[in-house]
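To start, the structure under review is shown below, and the notes come after it.
Just so you know, all these numbers are worked out from the coordinates, no wet-lab data involved. All values derive from a computational prediction rather than experimental measurement. Cβ placement follows ideal geometry from the backbone for every residue including glycine, while neighbour counts extend to all protein chains displayed.
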Amino acid sequence: MTPPSISQAPQMTMAAPTTRRDAARRAWRSLTRAVWPLVAIAILLVITFAAIAGPSIVPKDPNRQNIINRLQPPMVADREGVVQHYLGTDALGRDVYSRLIYGARVSLLVGFTAVFIGGALGVVLGMTGGYLGGRVDALIMRLADIQLAFPFILLAIMFLVVLGSGVLNLVLILGIGQWVTYARIARAQTMSQREKEYVEAALALGASGASVLFKTILPNILAPLIVIASFNVASVILAEAALSFLGLGVPPTVPTWGGMLAESRDQLLAGRWWLAVYPGVAIMLTVLSFNILGDWLRDFLDPRLRGAD
Amino acid sequence: MWQYVISRVVQAGIVIVAVTLITFLTLHMGGDPTYLYVSDRASDEEIQLVRERLGFDRPLHVQYLSFLGGLVQGDTGRSLTYRTPAMNVVIERLPATIELTVMAMLIAVVFAIPLGVIAALNRGTAVDGGIMAMAMFGQSIPSFWLGIMLILFVGLGLSWLPISGHVPVLEPLLKGDFERAWTNLPNALRYLIMPAFTISLFSMSRNARLVRSSMLEVLSQDYVRTARSKGLREWNVVMRHALRNAWMPVVTMLGLEFGFLLSGVVVVETVFSWPGVGRLVFNAINQRDVPLVQSAVVMFAGVFVLLNLIVDLLYARLDPRVRLS
């Protein structure tokens, strides 16, 4: 997550293990690790499919209310012996399974878009600061400090309460909430790349500042940024769910996992577990998959970052 | 050293002013908050009267400057909903939130360090794999869902712990009523365990991973090899030579952790109906109770900045190589 705000930890380099036993262990570890990233990718593909194909694969309209069939437990067969609602129904008789599938849309949409916005903003600001240095840099870093001192959840709640909830506002505020992480990494990386010979060569060949920044330096600092982004999608999805849970996400007509959990609270005392269990499992699996993917990406793309989250 | 502390305190002041400005502007972005305090049928005169009473008729910059002027004297205005000084309302709720966050932090650290060390010492084995898998799960479970699950299974299913409510310990303690604090303690802990664990799981998992990787790094250093070849017992090597240095990233993390615990607090206090600042500020934002929100934000930002300063000073103490500048 966010690196230390004021003093930086001294960088320590990892001594390369040289013994044969260590090498074997590492090989074994990377082997076992390789299984889980595959599982994570498979899960994410299923969820992405659910998000994209949602309307054509859901068995029921996720917003259709049916008061007679309300609060039906999962896998209950009707009089003809047919199971109508695999995962039961909620307090308004809506099909939980269909709402769960629709919920994938908001989570993934918000997760990816917010990370893209935050990433783009952070990379541009961080690289500019790192490249130019001086006052511009100081200003950008001061902004970052202010944002870090501000409990993000409060900013998000205020923003959404005042401007109203909705996907656009949600994506904007979650995106703005992420820029500092990217800016810090992009800045540090740019500063170290700035002095390298290939940058000097590009400058000597007459490339402009912007071109050097985004065409020459950016491709060389992309690896750690991609790693951070994959973890970031996970934390943005968690934040979206938390805001939806507080009733600040998207309008109630749009099914979201966080919103479903919020509605499940009223049914807890009556023991209607299915309303709370399934959306939570969906969030957890999605976030877990992004985290596993991030872990693997980090080891694969940039072993120096190991343990730096 | 003192020069450093003073310059940091000045910086902190600037940050807090900026934070209040952002809060102020955001809360006014949605238009005149007066309408939240009048009925739908109120006449224009009545609305104007309420507007004047609440001070919303003044230009924005005047409103903000008068707030800042008050802030310097420790006065953040009267809460619009409670009709008492806003800071007092926040301070009244603070002990409950402190109990929750301190307990959560305690759980996180007490479990994370041994788990991380054990994982590092058993690198590559099933023990390591198990602990790391648990940590991965812990980082992926939404805290409010964990809270709901605990209520459902531990609270309602097994009836082991109460599902909501709060018994004060810190508040009587601060008032000097040690006897009440002492008799309340066992019961208070029963109410505290589930919400505190819910908040702490994420930090615990992250810190366990952090301790592990930092421990692995330290264990491969020459001085650890030297300590081992001197014939020191493994326990001494781990505790006195390795762990001491593996601490560093965790200490850094703890300062920042507060921000995380805080976002947990708002949500988890709602889940467990905990009477703390998190729920208070959430309700205050919904009511656009500007002075109350401002007070809570100042409080949170202040604590956050202060903790970070302490962490940095601690850091320099733990690692003489770090120079304060």
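How big is the range B:184-275 in terms of Cα radius of gyration and Dmax, in angstroms?
18.3, 56
Could you give the semi-axes, largest first, of the ellipsoid that matches the range A:199-289, computed as the square roots of 5 times the alpha carbon gyration tensor eigenvalues and rounded to whole Å? Present the calculation step by step, with values, prior to reporting the outcome.
Details: eigenvalues 436, 35, 10 Å².
Gyration-tensor ellipsoid for the range A:199-289: 47, 13, 7 Å.
Dipole magnitude of chain B about its Cα centre, charges +1 at Lys/Arg Cβ and -1 at Asp/Glu Cβ only, in debye to the nearest 20?
Working: 26 positive and 22 negative charges, 289 e Å.
Value, rounded to 20: 1380 debye.
Return the loop-located chymotrypsin sites (Phe, Trp or Tyr not before Pro) in the range B:112-190 (DSSP other than H, G, I, E, B) with at most 14 other Cβ atoms within 10 Å of their own Cβ; answer none if there are none. Please report the intermediate quantities before stating the final value.
Values: sites: B:F137, B:F144, B:W145, B:F153, B:W160, B:F178, B:W182; in loops: B:W160.
Hits after loop and neighbour filter: B:W160.
If you line up the Cα atoms of chain B on their principal axes, what length do they span on each, largest first, in Å?
Projected onto its principal axes, the Cα set of chain B covers 86, 56, 40 Å.
With labels modelled as points extended 7 Å from the Cα through the Cβ direction, what inter-label distance (nm, one decimal) is found for A:L269 paired with B:S159?
1.6
Tell me, what does the Kirkwood hydrodynamic radius of the range B:1-153 come to in angstroms if you use every pair of distinct C-alpha atoms?
About 20.9 Å, per the Kirkwood formula over Cα pairs.
Within 10 Å of each Cβ in B:16-22, how many Cβ atoms from other chains are there, averaged over the peptide? Mind showing how you got there, number by number?
On the way: counts 3, 1, 7, 7, 1, 1, 7.
The shielding value for this peptide is 4.
Could you list the residues of the range A:162-196 with an amide nitrogen less than 16 Å from a label point located 7 Å from the Cα of A:A120 in the Cα-to-C-beta direction?
A:168-180, A:182-183
HN-Hα J couplings of the range B:85-91 from phi, Karplus 6.51/-1.76/1.60, θ = phi - 60°, integer Hz, Gly and Pro as x?
x, 4, 4, 4, 4, 5, 5
Report the one residue of B:A119, B:T226, B:L54 whose Cα lies farthest in the direction of the positive end of the charge dipole of chain B (charges on C-beta: Lys and Arg +1, Asp and Glu -1; origin at the Cα centre).
Looking along the dipole axis, the top candidate is B:T226.
Charges at C-beta only: +1 for Lys and Arg, -1 for Asp and Glu. How large is the resulting dipole of the protein assembly as shown about its Cα centre, in Debye rounded to 20?
Details: 51 positive and 40 negative charges, 401 e Å.
Its charge dipole is roughly 1920 debye.
Enumerate the calculated ³J(HN,Hα) couplings along the range B:282-292 in order (Karplus 6.51 cos²θ - 1.76 cosθ + 1.60, θ = phi - 60°), each rounded to whole Hz, writing x wherever the residue is Gly or Pro.
Residue by residue, the range B:282-292 yields 4, 5, 5, 5, 4, 8, 6, 7, 3, x, 5 Hz.
Need the list of lysines near B:K175 for cross-linking: C-alpha distance under 17 angstrom, and skip anything on the same chain fewer than eight residues off.
Counting by Cα, and skipping residues close in sequence, B:K175 has no lysines nearby.
Only helical DSSP H runs with n ≥ 4 go in: add -39500 (n - 2.57) per run for the protein assembly as shown, normalise by residue count and round the 222 nm mean residue ellipticity to 500 deg cm²/dmol.
Numbers: 22 runs with 436 residues, N = 634.
Computed ellipticity for the protein assembly as shown at 222 nm equals -23500 deg cm²/dmol.
Output the relative contact order of the range A:87-304, whole-number percent, from Cα pairs under 8 angstrom with separation of 6+ residues.
28
Give me the distance in nm between label points sitting 7 Å out from Cα along the Cα-to-Cβ direction at B:S7 and B:S43, one decimal.
Once both label points are built, they end up 6.3 nm from each other.
Which of the DSSP-defined H helices in chain A satisfy a minimum axial length of 24 Å, computed from C-alpha atoms, and a minimum mean Kyte-Doolittle hydropathy of -0.5?
Qualifying helices: A:20-57, A:96-132, A:218-245, A:273-301.
Give me B:R244, B:R288 ranked fewest to most by other Cβ atoms within 10 Å of their Cβ, as a rough exposure proxy. Don't skip to the answer; put the middle values down first.
On the way: B:R244 13, B:R288 23.
Arranged by neighbour count, lowest to highest, B:R244, B:R288 become B:R244, B:R288.
At q = 0.10, 0.13, 0.17 Å⁻¹, work out log10 I(q)/I(0) for the range B:169-325 with the Debye formula, treating every Cα as an identical point scatterer and leaving solvent out; two decimals please.
Reported log10 I(q)/I(0), two decimals: -0.57, -0.86, -1.13.
What are the residues whose amide H is under 5 Å from the amide H of B:R78, where those residues sit 5 or more places off or on another chain and H is modelled from the backbone?
The list, which skips near neighbours in sequence, is B:A86.
Tell me which of B:L152, B:G130, B:S214 sits at the most positive position along the dipole axis of the range B:121-267, charges placed on C-beta atoms (Lys, Arg +1; Asp, Glu -1).
B:S214
Across the residues of A:157-167, average count of Cβ atoms on other protein chains within 10 Å?
On the way: counts 9, 13, 6, 1, 10, 10, 3, 1, 0, 0, 0.
Neighbouring Cβ atoms belonging to other protein chains average 5 per residue here.
Once fully extended, how much extra length lies between B:W235 and B:W182, figured as 0.36 nm per residue of separation less the alpha-carbon to alpha-carbon distance?
On the way: separation 53, 0.36 × 53 = 19.08 nm, distance 3.68 nm.
Taking 0.36 nm per residue and subtracting the Cα distance, the gain is 15.4 nm.
Looking at the range A:174-207, which GluC sites (Glu not before Pro) are DSSP coil and have at most 13 other C-beta atoms within 10 Å of their C-beta?
Working: sites: A:E195, A:E197, A:E200; in loops: A:E195.
The qualifying sites are A:E195.
Taking each pair of different alpha-carbon atoms in chain A once, compute 1/r for the pair, average those values, and report the inverse of that mean as the Kirkwood hydrodynamic radius in Å to one decimal.
On the way: mean 1/r = 0.0456 Å⁻¹.
Averaging 1/r across every pair of different Cα atoms and inverting gives 21.9 Å.
Under a Cβ-Cβ cut-off of 14 Å, what is the net charge of the residues other than B:L27 that fall near it, where Lys and Arg count +1 and Asp and Glu count -1?
Values: positive: B:R288; negative: B:D32, B:D289.
Every neighbour counted, the sum reads -1.
Could you please report the charge total around A:Y102, scoring K, R as +1 and D, E as -1 over all other residues with beta-carbon less than 11 angstrom from its beta-carbon?
Values: positive: A:K60, A:R94, A:R99, A:R105; negative: A:D61, A:D95.
Computed value for this residue: +2.
Evaluate Rg over Rh across the protein assembly as shown, taking Cα atoms for both radii and Kirkwood's formula for Rh.
Numbers: Rg = 26.0 Å, Rh = 26.6 Å.
Value, to two decimals: 0.98.
Within 10 Å of each Cβ of B:143-156, how many other protein chain Cβ atoms are there on average?
Whole-number average of other-chain Cβ neighbours for B:143-156 is 5.
What list of ³J(HN,Hα) couplings, whole Hz, do you get for the range B:217-226 from phi and the Karplus terms 6.51, -1.76, 1.60, once you set θ to phi - 60° and write x for glycine and proline?
Whole-Hz 3J(HN,Hα) from phi for the range B:217-226: 4, 5, 5, 8, 7, 4, 5, 6, 4, 4.
Could you work out how far apart the two model spin labels at B:L318 and A:E80 are, taking each label as a point 7 Å from the Cα in the direction of the beta carbon, and quote it in nm?
For the pair B:L318/A:E80, the computed spacing is 6.6 nm.
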